[in-house]
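Let me begin by presenting the structure, written as structure tokens, before commenting on it.
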Amino acid sequence: MREAPEFLTHPLLSDARVDHGFGQLGSREPAEVLRPVQQHGTEVAFVQDGVEADPGDADVVVSTLAGVPVGVMTADCVPVLLAMDDGRVVAAVHAGWRGIAAGVVPRAFEAMADSAEQWSSVTAVIGPHIGACCYEVDSPVIERLRARFSKLLDSVLTPVNAEHSMLDLGALVRLELIRAGVRPSEVGTFPDACTCCDAERVHSHRRDGASAGRLLHWIAASAI
């Protein structure tokens, strides 16, 4: 029997002393992982002592409960895992274009600040997602995003014709993270990790349509 592949990890989060993983095809879900019902919005669920464990409807899960994994599912959208430098406050974010346009990334930071006894620097890692090589969008999507990003949006678009462009969702999330206050050196990525291109390792809705599975991406707060 083929052994289940490990979750991908990133040295920036490992250095922050938080357990975490970005899913691959067949990766085994951690025991008792808590994840929300995602809505492509900006709602936040909190996992902490004295709060209902079921995250409910949300696209951000913020946790201060040490050792309990929280996560989000994707199949082309951008997963982001965040950790404060002491590892005691973490977040998992599901960022599709609708959530990005609505401000899901800065909303995650606001929620982390609300959960922290004292604000500290944040490390962020952007997981595998559909790349600019494969993600063509039309004018309605572009205009929704332009309402938030104005001229900054041009830096992540490659025009195809008058109505369509290729969009770099990961670069857009990186812009939001830096605007929220993350140092560029503390934003990690997985280069060349386009979900649509890599049928051997990951799911992709753009590639496989309604039959596509989902990838779990998770993180757990540290006790120290």
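The values are calculated or read from the model by the stated rules, or taken from the named source; none is laboratory data. Computed from a predicted structure; not experimentally measured. Positions of Cβ are generated from backbone atoms using ideal geometry, with glycine treated the same way; all protein chains shown enter the neighbour counts. The accessibility values were calculated without ligands, DNA or RNA, using every heavy atom of the protein model including side chains. Shrake-Rupley method; radii C 1.70, N 1.55, O 1.52, S 1.80 Å.
Return the residues of region 35-54 that are under 15 Å from the mean Cα position of the chain (by Cα), of a type in the set (A, V, I, L, M) and open to solvent by 20 Å² or more (accessible area, probe 1.4 Å); say none if nothing qualifies.
Selection gives Val37, Val44.
Inspect region 156-174 for any residue being open to solvent by less than 80 Å² (accessible area, probe 1.4 Å), within 17 Å of His10 (Cβ to Cβ) and within 20 Å of the chain's Cα centre (by Cα) and give the result as yes or no.
The answer is yes, given that some residue of region 156-174 is open to solvent by less than 80 Å² (accessible area, probe 1.4 Å), within 17 Å of His10 (Cβ to Cβ) and within 20 Å of the chain's Cα centre (by Cα).
What strands (runs of 3 or more DSSP E) completely inside region 61-173 contain at least 2 residues that are at pLDDT 95 or above and farther than 26 Å from Ala16 by Cα?
It comes to 136-138, 157-159, 164-167.
Hey, could you check region 181-193 for residues that are touching a strand residue (DSSP E or B) at 6+ places or on another chain (Cβ under 8 Å) and on the phi < 0 side of the Ramachandran plot and say which is most open to solvent (accessible area, probe 1.4 Å)?
Per the criteria, the residue is Thr189.
Looking at (1) open to solvent by 20 Å² or more (accessible area, probe 1.4 Å); (2) of a type outside the set (Lys, Arg); (3) more than 19 Å from Ile100 (Cα to Cα), find the lone condition where Glu143 falls short.
So the condition that Glu143 fails would be (3).
Restricted to region 22-34, and to residues that are under 19 Å from Val61 (Cα atoms) and of a type outside the set (D, E, K, R), which residue is surrounded by the fewest Cβ atoms within 10 Å (Cβ to Cβ)? Explain how you work it out, then say what you get.
Step one: of region 22-34, the residues under 19 Å from Val61 (Cα atoms) are 22-23, 29-34.
From what is left, the residues that are of a type outside the set (D, E, K, R) are 22-23, 30-31, 33-34.
Details: Phe22: 27, Gly23: 27, Pro30: 15, Ala31: 6, Val33: 17, Leu34: 19.
Residue satisfying both the conditions and the ranking: Ala31.
Which one of Asp76, Asp19, Asp57, Asp85 is touching a Cys at 6+ places or on another chain (Cβ under 7 Å) and either over 25 Å from Cys194 (Cβ atoms) or open to solvent by 10 Å² or more (accessible area, probe 1.4 Å) (or both)?
Numbers: Asp19 fails: touching a Cys at 6+ places or on another chain (Cβ under 7 Å); Asp57 fails: touching a Cys at 6+ places or on another chain (Cβ under 7 Å); Asp85 fails: touching a Cys at 6+ places or on another chain (Cβ under 7 Å).
Only one candidate passes the filter, namely Asp76.
For region 194-221, name all the residues that are assigned to a loop (DSSP other than H, G, I, E, B), in contact with a Lys or Arg (Cβ under 9 Å, 6 or more places away or on another chain) and open to solvent by less than 20 Å² (accessible area, probe 1.4 Å).
The answer is Thr195, Ala212.
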